Amino acid sequence: MAYNFTTISKRYGKGSFKWQEMANYGVRPEEDIIPFSVADMELETAPEIKEALKKEIDDYVLGYANPTASYREACCAWQEKRHHWAAKPEWICPSHGVVDAFFTAVKAYTQPGDGVMLMTPVYYPMYHAVLDTGRKLVDCPLVEQGDSYAIDFADFERKAKDLHTKMLILCSPHNPAGRVWTREELQKISEICLANGVLVVSDEIHDDLIMPGYEHTVYASLSQEAEQNCLVLTAPSKTFNLAGLQTSNIFIPNASLRARYMEYLKETNPNPKCNILGYLACETAYRHCEDWLDQCLQVIDANRKLVIGFMKQKFPQIKVKRLEGTYLLWMDWRGLGIDYKELERINCQEARLFFDEGYIFGKQGEGFERWNLACPTRYIQEALERMEKAYRKYVK
Ligand SMILES: Cc1ncc(COP(=O)(O)O)c(C=O)c1O
């Protein structure tokens, strides 16, 4: 079946965080283009998910819920099918979100003053999970290498060896750098972390959004030792655009780490509630929507190619980083010679384009823009036309 990736119903004024944020910046949502910022999709929900939710509302009682055995099996079957990882149903600790989960992990497994490693620039709530909880940020900057990024392993190892360093929050695939870490890179990370007693919290929320030619490796699938020294944070939220249903799955293979996580949750939130519709949507997606995802990935890939081709031809000063995974294109605009705050102003006020500004991902992000490609292709075409018009007077 061919799915619809060309139309979307109106989101502004209906509580969409992304659209509201754009309005708060003074870009008029009623007249303007789709925001290309926050990582949710401007695409219709898969029809199978909509149908299942409608049916559930007709047939069922929306009372308190727990994940069923069938739900847990569906999550594991998905990991096996898409990522060749044999997870066990009992490893899953349900959570309202991956951000909640990495905050919980930091608080459950480390003490104030302990060091937590981040590979920067990185998804900005990770900084908050470290700094707002009184932990020490152990910054492991990624190294720019042509149109991509690499890990400086000598630096990484030196920092892991510091006795205060207790945890790595790994972003895999990496947002915003667009890297899908290779098995070899992950293997090196795991050897260093195991040798130095560093627990790995692997945020794999973008695991299914992989561009042609790349393959995602689940951190826990590296070896039995790695499996016993990690948490794998997953969700259907990015893959199937279900973030508003607040349902994610935290895989913790090590029984004592899992017990500690659950105990910490009990102490801090003694009666956590789960979202019955979120479970249903997630299970339906994993069981019935693989085709939808594969077609969606083709749209993202086409959008990626369109932007790359345009930049090469019209703005060769803008260097687009290689997109291996996620639908978030990371672009270096420094070659235009325009201050990063001025870029933000031109984009919002003149081009009427709304990206996520690179600086929110850390100092290395200044002068970068992150472009969310998960939208109908005609929005990208429109955006490129606007960009060309707005920048004509700034770029000779
Ligand atoms: C790397 C990463 N982790 C987590 C999240 C958000 O997770 P959740 O909505 O489940 O809290 C995002 C959203 O953009 C993300 O990019």
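The values are calculated or read from the model by the stated rules, or taken from the named source; none is laboratory data. Fair warning: this is a prediction, and the values are worked out from it, not measured in the lab. Note: ideal-geometry Cβ built from the backbone for every residue, glycine included; neighbour counts use all protein chains shown. Ligands, DNA and RNA are excluded from the accessible area calculation, which covers all protein heavy atoms including side chains. Shrake-Rupley method; radii C 1.70, N 1.55, O 1.52, S 1.80 Å.
With 26 Å as the cut-off, how large is the P(r) tail for the chain, expressed as percent of Cα-Cα pairs? Tail of the P(r) past 26 Å holds 54 percent of the pairs. Simple point charges give the picture: +1 on the Cβ of Lys and Arg, -1 on the Cβ of Asp and Glu, and for segment 64-288 a dipole about the Cα centre of about 560 debye. The alpha carbons of segment 56-103 stretch over 36, 28, 17 Å along the principal axes, in descending order.
With only Lys, Arg, Asp and Glu charged, each at its Cβ (+1 for the first two, -1 for the last two), find how big the charge dipole of segment 154-218 is about the Cα centre; round to the nearest 20 debye.
Numbers: 7 positive and 11 negative charges, 61 e Å.
I would put it at about 300 debye.
Rolling a 1.4 Å probe over the protein heavy atoms leaves Ser256 with an accessible area of roughly 80 Å². As a size descriptor, the averaged projected area of the C-alpha convex hull of segment 237-350 was calculated at 11.6 nm².
Of the residues Ser9, Ser221, Ser190, ranked by 1.4 Å probe accessible area with the largest first, the sequence reads Ser9, Ser221, Ser190. Val99 exposes around 50 Å² of accessible area when a 1.4 Å probe is run over every protein chain in place.
Rounded to the nearest 20 debye, the dipole magnitude of the chain is 740 debye, with +1 charges on Lys and Arg beta carbons, -1 on Asp and Glu beta carbons, and the Cα centre as origin.
As an exercise, take the mean of 1/r over every pair of distinct alpha carbons in segment 37-149, invert it, and state the Kirkwood radius in angstroms. Spell out each step's value before the answer.
Numbers: mean 1/r = 0.0553 Å⁻¹.
Computed over segment 37-149, the radius equals 18.1 Å.
Compactness check for segment 64-288: Cα Rg over 2.2 N^0.38 Å is 0.97.
Charged neighbours of Val27, selected by a Cβ distance under 12 Å, balance to -1 (K, R count +1; D, E count -1). From helices alone, the chain scores -12000 deg cm²/dmol at 222 nm; the rule is -39500 (n - 2.57) for each run of n ≥ 4 DSSP H residues, then divide by the residue total.
Compute the length gained on full extension between Lys55 and Glu144: take 0.36 nm times their separation in residues and subtract their Cα-Cα distance, giving the result in nm to one decimal.
Details: separation 89, 0.36 × 89 = 32.04 nm, distance 4.93 nm.
Length gained between Lys55 and Glu144: 27.1 nm.
In the assembled protein chains, Leu142 presents an accessible area of approximately 20 Å² (probe radius 1.4 Å).
Take every DSSP beta bridge whose two residues both sit in the chain; close to 55 percent of them are antiparallel. According to the calculation over all Cα-Cα pairs in segment 1-75, the P(r) per 10 Å bin from zero is 14, 32, 29, 20, 4 %. Remark: the Cα gyration tensor places segment 125-197 in the oblate category, a/c being 1.5 or greater and a/b not exceeding b/c.
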